[in-house]
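What follows is one structure encoded as structure tokens, with my remarks underneath.
The values are calculated or read from the model by the stated rules, or taken from the named source; none is laboratory data. Given the structure is predicted, the values throughout are model-derived calculations rather than measurements. FYI the Cβ positions are ideal-geometry reconstructions off the backbone, even for glycines, and counts take in every protein chain you see.
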Amino acid sequence: MWLRTFDERLLDWAELRGRVFDQKLETALTTINRWWFAAPWCAYHLHWDDFESWPDPWQLLEDNVYCPVARGLGIMYTIALIDRPDLQIAELIEVGSDNLVVIPGEKYILNWDRDTVVNINLTATPVHRRIGQQQLKQRIQ
């Protein structure tokens, strides 16, 4: 169940980041993915063309509106703030109508399915847009 108040969401998000810091990589990514899939869904909220006005992580939690782009952004912010050595490179990509979070070598793909951190081959599908973890970290500072 998604928490109702901003303060509750903020505390739960901090606890999530602490909980996954020492987990095995796949377990941590699955936990993060499931947490963000519990967020209230809407069809449209953020758009790639408006990247410059995308919210920082705290505004994203306060807005509490999560389209697939916003959920992917939340996953990316979570990964960026965990600051694990094995999660230093991640990208939010637009592939067809999907907004996926890709971990190096495309070994793990989040924001595709709630219960699975899938490993699919994206090489045949063109990536329309991409934003790297380092670009998003600049929004956090």
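Does LEU81 fit the bill of being at pLDDT 85 or above and touching a Gly at 6+ places or on another chain (Cβ under 7 Å)?
On the way: at pLDDT 85 or above: yes; touching a Gly at 6+ places or on another chain (Cβ under 7 Å): no.
The answer is no for LEU81.
I'm trying to understand the selection: among the residues of the range 95-141, which are small (Gly, Ala, Ser), more than 14 Å from the chain's Cα centre (by Cα) and at pLDDT 70 or above?
Of everything in the range 95-141, those that are small (Gly, Ala, Ser), more than 14 Å from the chain's Cα centre (by Cα) and at pLDDT 70 or above turn out to be GLY96, SER97.
Which ones in the range 42-53 are within 21 Å of ARG114 (Cβ to Cβ) and modelled with pLDDT of 90 or more?
Scanning the range 42-53 gives a single hit, LEU46.
Assuming ARG114 fulfils every condition listed in (1) surrounded by fewer than 18 Cβ atoms within 10 Å (Cβ to Cβ); (2) free of Cβ contacts under 8 Å to residues at least 60 places away in the same chain; (3) not acidic (Asp, Glu) apart from one, which condition is it?
Only one criterion in (1) surrounded by fewer than 18 Cβ atoms within 10 Å (Cβ to Cβ); (2) free of Cβ contacts under 8 Å to residues at least 60 places away in the same chain; (3) not acidic (Asp, Glu) is unmet by ARG114, namely (2).
If I ask for residues that are more than 13 Å from GLY18 (Cα to Cα) and touching a strand residue (DSSP E or B) at 6+ places or on another chain (Cβ under 9 Å), which ones from the range 74-96 would you list?
GLY74, ILE75, MET76, ILE89, ALA90, GLU91, LEU92, ILE93, GLU94, VAL95, GLY96
Take the conditions at pLDDT below 80, hydrophobic (A, V, I, L, M, F, W, C) and part of a loop (DSSP other than H, G, I, E, B) and apply them to ILE89. Does it pass?
The answer is no for ILE89.
Of all the helices (runs of 4 or more DSSP H) wholly in the range 1-73, which have at least 3 residues that are acidic (Asp, Glu) and out of contact with any strand residue (DSSP E or B) (no Cβ under 7 Å at 6 or more places or on another chain)?
Passing ranges, in order: 6-20.
Counting just the residues of the range 1-41 that are at pLDDT below 90 and exposed (fewer than 12 other Cβ atoms within 10 Å of the Cβ), which one comes out nearest to VAL65 (Cα to Cα)?
Step by step, filter the range 1-41, then rank; the result is ARG4.
Would you point out the residue of the range 47-84, among those that are under 16 Å from SER97 (Cβ atoms) and touching a Phe, Trp or Tyr at 6+ places or on another chain (Cβ under 6 Å), that is surrounded by the fewest Cβ atoms within 10 Å (Cβ to Cβ)?
CYS67
Consider the range 63-97. How many of its residues are hydrophobic (A, V, I, L, M, F, W, C), over 17 Å from VAL117 (Cα atoms) and touching a residue at least 60 places away in the same chain (Cβ under 8 Å)?
3
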